[in-house]
Amino acid sequence: MTNRPNHILPLIVLSQFAGTSLWFVGNAVLPELRQSLHLSQYAVSHVTSAVMLGFIAGTLSFAFLSLADRYSPVKLFFLSSLLGALCNSSVAWFAKDASSLFALRFLTGFFLAGIYPVGMKIAADWYEKGLGKALGFLLGALVLGTAFPHLLKNRDFELPWKSVLYCTSLFALCGGLLMLFFVGDGPYRKRSGGFQWNAIPQIFSSKKWRQAAFGYFGHMWELYTFWGFVPLIIELYSKQHNLSINIPLLSFLVISCGLLTCIAGGYLSQKWGSAKVASLALFISGLCCWISPLLFQLPVFVFIGLLFIWGLTVCPDSPQFSTLVAQHAPEHLRGTALTIYNSIGFSISVLSLIVIDHVFHSTGFFGGRNSFLWLGFGAIAGLPSMINLIKGK
């Protein structure tokens, strides 16, 4: 049994939180960006999709070259944190129009590919057993990192939008330094012998890997679109009911509350198994999608309560899907397996963001408050694969 220092998991979690705070900075300062750069009504999907497309390009590049399996993951994490922080802060210096903004957010997303999946790879290299619990904490850090820029922009603790960019960039760099100097590569790391042309076909040859991945793909149809639209959902409700709501603060709370269920799901996975925990979360969040049009007709406290239930259930399946993917992948290609499944999942998220954004701004029956019904198809698509995985079919 490996004598693992007690500080390893907390530092991995803190580093992941710091690095992933780069993700939704553009959404947190979107009102200022929209005004100063004259962005279109579809700015929320364009800004978010730019990061996602960069992340997809990064994960495809990292997976094709098997970087996380051939080289030190902690060095890759640090370099990605450094370059991602530079690209993020560059928005304050060089973004003069929509094109330059999207280019810089794309590059930030590209280097996030060396933070999010590589952080999971580092955790998997340290935790051969109890990986579901470890990734519960790690993905909880991603949730908190995603919500963090909204906290910086709330009206009780409001920073100028450029300062939000600088703070998150510095935070991400500190996370990379922590990982490099105080965590290091784990004892269960299996280094790949070199570039392998057939790495991806090897990964997809596992039936259980495919089942877990398909469940994750359904989950990704919902997750980032929900997170991206949380401020707009709250804004739509507040305008409809003529209420004054602290939208950035409530957005932070709704998104960040998923930290609790990610951690709780990690503990439950040790008793129930990762597949059952992931399936339950996917089922409940899917129900939230289907009842979403009713939210706007409810009293404010009921609306907020159901929004919190949605926030609590939309993300705890992520760490369990990652656990299943890591467990059912070839050991020497674990980092590549985590990276390629992220790449496909985020491609689905980009498609979802674009579709829902255009539907949201349409005038038909499925537009506006009814547009989030479409997110429920993620659960319908993903649950059958998970049921088969649980049954061993």
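The values are calculated or read from the model by the stated rules, or taken from the named source; none is laboratory data. These numbers were taken from a predicted model, which means no experiment stands behind them. Don't worry about glycine lacking a Cβ; one is built from the backbone with ideal geometry, like all the others, and counts go over all protein chains shown.
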* Structure fact -> Exception for Gly378 within (1) more than 16 Å from the chain's Cα centre (by Cα); (2) at pLDDT 90 or above; (3) not aromatic (Phe, Trp, Tyr) falls at (1)
* Asked: Any chance the range 233-243 includes a residue that's surrounded by 21 or more Cβ atoms within 10 Å (Cβ to Cβ), within 29 Å of Arg334 (Cβ to Cβ), β-branched (Val, Ile, Thr) and under 24 Å from the mean Cα position of the chain (by Cα)?
  -> no
* Long-range neighbours under 6 Å by Cβ, at least six apart or interchain, first residue crowded, with 17+ Cβ neighbours inside 10 Å within the range 24-37, second at pLDDT 80 or above and of a type in the set (Val, Ile, Thr) -> Phe24/Thr146; Val25/Thr168; Gly26/Val47; Val29/Val164
* Out of the range 115-145, which residues are over 16 Å from Asp185 (Cα atoms) and aromatic (Phe, Trp, Tyr)? -> Phe137
* Asked: Which of the residues spanning the range 75-95 are over 20 Å from the mean Cα position of the chain (by Cα) and either crowded, with 24+ Cβ neighbours inside 10 Å or under 15 Å from Leu165 (Cβ atoms) (or both)?
  -> Leu86, Ser89, Ser90, Val91, Ala92, Trp93, Phe94, Ala95
* Structure fact -> The helices (runs of 4 or more DSSP H) lying wholly within the range 1-103 that contain at least 3 residues that are small (Gly, Ala, Ser) and under 19 Å from Pro149 (Cα atoms) are 8-20, 43-64, 73-94
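Please work out if Ser385 is polar (S, T, N, Q), within 18 Å of the chain's Cα centre (by Cα) and in a helix (DSSP H, G or I).
Details: polar (S, T, N, Q): yes; within 18 Å of the chain's Cα centre (by Cα): no; in a helix (DSSP H, G or I): yes.
When the stated conditions are applied, Ser385 does not pass them.
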* Structure fact -> Condition set under 30 Å from Pro187 (Cα atoms) and polar (S, T, N, Q), scope the range 68-97, selection modelled with the lowest pLDDT: answer is Ser72
* To do: Identify the single condition in (1) among the hydrophobic types (A, V, I, L, M, F, W, C); (2) part of a helix (DSSP H, G or I); (3) crowded, with 19+ Cβ neighbours inside 10 Å that Ala329 does not satisfy, given that it satisfies every other one.
  => (2)
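Does Thr20 meet the test of being under 14 Å from Leu353 (Cβ atoms), in contact (Cβ under 8 Å) with a residue 60 or more places away in the chain and surrounded by 21 or more Cβ atoms within 10 Å (Cβ to Cβ)? If you could, list the steps in order and put the result at the bottom.
On the way: under 14 Å from Leu353 (Cβ atoms): no; in contact (Cβ under 8 Å) with a residue 60 or more places away in the chain: yes; surrounded by 21 or more Cβ atoms within 10 Å (Cβ to Cβ): yes.
No, not satisfied.
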* To do: Kindly indicate whether any position in the range 309-325 is more than 23 Å from Tyr341 (Cα to Cα), surrounded by fewer than 21 Cβ atoms within 10 Å (Cβ to Cβ) and at pLDDT 90 or above.
  => yes
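Considering each of Ile354, Ile344, Ile291 in turn, give the residue that is more than 28 Å from Ser61 (Cα to Cα) and surrounded by fewer than 24 Cβ atoms within 10 Å (Cβ to Cβ).
Working: Ile354 fails: more than 28 Å from Ser61 (Cα to Cα); Ile344 fails: more than 28 Å from Ser61 (Cα to Cα).
Sole residue among the options that is more than 28 Å from Ser61 (Cα to Cα) and surrounded by fewer than 24 Cβ atoms within 10 Å (Cβ to Cβ): Ile291.
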* Structure fact -> When Ser100 is run through (1) at pLDDT 90 or above; (2) under 17 Å from the mean Cα position of the chain (by Cα), the failure sits at (2)
* **Pairs where the first residue, in the range 65-84, is on the phi > 0 side of the Ramachandran plot and the second is assigned to a helix (DSSP H, G or I), C-beta under 6 Å, 6+ apart** => Ser66/Ala199; Ser66/Thr336
* **Close pairs (6 angstrom Cβ cut-off, 6 or more residues apart or separate chains): among the hydroxyl-bearing types (Ser, Thr, Tyr) and in a helix (DSSP H, G or I) in the range 290-312, crowded, with 16+ Cβ neighbours inside 10 Å and at pLDDT below 95 anywhere** => Ser292/Phe372
* Asked: From the set of residues in the range 250-288 that are surrounded by fewer than 18 Cβ atoms within 10 Å (Cβ to Cβ) and in contact with a Lys or Arg (Cβ under 8 Å, 6 or more places away or on another chain), which is farthest from Ile309 (Cα to Cα)?
  -> Gln270
* Failed item, numbered, when Tyr116 is tested on (1) farther than 15 Å from Leu86 by Cα; (2) of a type in the set (Ser, Thr, Tyr); (3) more than 17 Å from the chain's Cα centre (by Cα) -> (3)
